[in-house]
Amino acid sequence: MNSYVRLINKEHLLPVSYVPKDMTEAIFPFCAPKGSSKKLMRKEAADWAALLFAQARWDDIYLFGASAYRSYSRQQQLYEERMALLNHPEDNPYIAPPGASEHQSGLALDVTCAGVGYDLTEEFAYTPEGKWLARNAALFGFILRYPLRKTEITGYAWEPWHIRYVTRSLALYLTLTGLTLEEFYQMEAG
């Protein structure tokens, strides 16, 4: 399988040294300053995301990128900070350990809007922007990576703001069937 559809999770880690070679800065509205590594995505994913955001704006939907690329070391720092705050860190379905974050691949993008104060919150799913994204992301090659009621399968809690580029054909297939990337891989292996 090509790298766009690579399974990345707690069992399928990216190496410490993995940094995508074809990164570019996002050209759509972002909650990060110019030059921030948060705005970096792999070129193909960034191009499709720009088209997604342009279509949203055409439809009077105003989406904003919140976070795209995150290095292994930055993920490790975030993971350690958040784990230190938890009573039972092993039960945390929100933060990926280093190497298990799709953000390191340059293919993931957290999306937000003004209606939720530009936060990453489940409330995003109930906004016009969140509903539009859920209906239209697959047309541009993205899936909602961590769907509701699939935590046992993905290993992560529902994140209606987290999209992942997997190519248009696979995104449409997964969205129409309701399969997660884990279920797709399991089906392909079986």
Looking for whichever is surrounded by 20 or more Cβ atoms within 10 Å (Cβ to Cβ) and among the hydrophobic types (A, V, I, L, M, F, W, C) here; the options are Phe64, Phe53. Which one fits? Phe53
Is it true that some residue in segment 128-146 is out of contact with any strand residue (DSSP E or B) (no Cβ under 8 Å at 6 or more places or on another chain), closer than 22 Å to Ala49 by Cα and of a type in the set (S, T, N, Q)? yes
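From Ala189, Ala138, Ala171, grab the single residue that is without any contact (Cβ under 8 Å) to a residue 60 or more places away in the chain and either out of contact with any helix residue (DSSP H, G or I) (no Cβ under 6 Å at 6 or more places or on another chain) or hydroxyl-bearing (Ser, Thr, Tyr) (or both). Let's see the steps before the verdict.
Working: Ala138 fails: either out of contact with any helix residue (DSSP H, G or I) (no Cβ under 6 Å at 6 or more places or on another chain) or hydroxyl-bearing (Ser, Thr, Tyr) (or both); Ala171 fails: either out of contact with any helix residue (DSSP H, G or I) (no Cβ under 6 Å at 6 or more places or on another chain) or hydroxyl-bearing (Ser, Thr, Tyr) (or both).
On inspection, the qualifying residue turns out to be Ala189.
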Residue hits (segment 23-49; under 14 Å from Ser105 (Cβ atoms), under 15 Å from the mean Cα position of the chain (by Cα) and not in a helix (DSSP H, G or I)) are Leu40, Met41, Arg42
Show the residue pairs that are 6+ apart or on different chains and have beta-carbon atoms under 9 Å apart, the first residue being within segment 52-80 and without any contact (Cβ under 8 Å) to a residue 12 or more places away in the chain, the second being in a helix (DSSP H, G or I). Asp60/Pro128
Of the criteria (1) in contact with a His (Cβ under 9 Å, 6 or more places away or on another chain); (2) in a helix (DSSP H, G or I); (3) closer than 30 Å to Ala189 by Cβ, which one Arg70 fails: (2)
Which members of segment 6-22 meet the condition of being modelled with pLDDT under 95 and either under 16 Å from the mean Cα position of the chain (by Cα) or not in a loop (DSSP other than H, G, I, E, B) (or both)? Lys10
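The values are calculated or read from the model by the stated rules, or taken from the named source; none is laboratory data. Worth saying up front: this structure is predicted, and the values here are computed from it rather than measured. Every residue, glycine among them, receives a Cβ derived from its backbone with ideal geometry; neighbour counts consider all protein chains shown.
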